[in-house]
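Since the structure comes first, as structure tokens, the remarks are kept for the end.
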């Protein structure tokens with residue numbers, strides 16, 4: 001029973017970390033898009049479906065740490081605008 005409680009606690013910490021990370025990077029990406037005068041639909045932002053709460057997350061720690069800039073952020077992906 002204690003092992004299950006510890007596992008549940010660890011999963012809660014992991015889930016909270018993923019949600020926090022996602023929120024932080026969404027904020028950076030949105031700020032960058034708006035600085036480029038790109039339209040950002042606030043209604044769409046309220047419906048994020050990219051967090052996997054029930055699956056397995058495999059992370060190569062050293063590879064991911066090597067991607068961080070001096071401030072501790074990963075670079076945002078540069079996406080090209082679709083032309084109408």
**Request:** For residue 43, indicate whether it is assigned to a helix (DSSP H, G or I) and over 20 Å from the mean Cα position of the chain (by Cα).
**Result:** no
**Message:** Looking at the stretch 1-16, can you tell me whether even one residue there is modelled with pLDDT under 75, part of a helix (DSSP H, G or I) and exposed (fewer than 10 other Cβ atoms within 10 Å of the Cβ)?
**Reply:** yes
**Asked** Within the stretch 17-39, which residues are farther than 21 Å from residue 74 by Cα and at pLDDT below 85?
**Response** none
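The values are calculated or read from the model by the stated rules, or taken from the named source; none is laboratory data. For clarity, every value in this text was computed on a predicted model and none was experimentally measured. Counting neighbours? That spans all protein chains shown, and the Cβs are built from the backbone with ideal geometry, glycine included.
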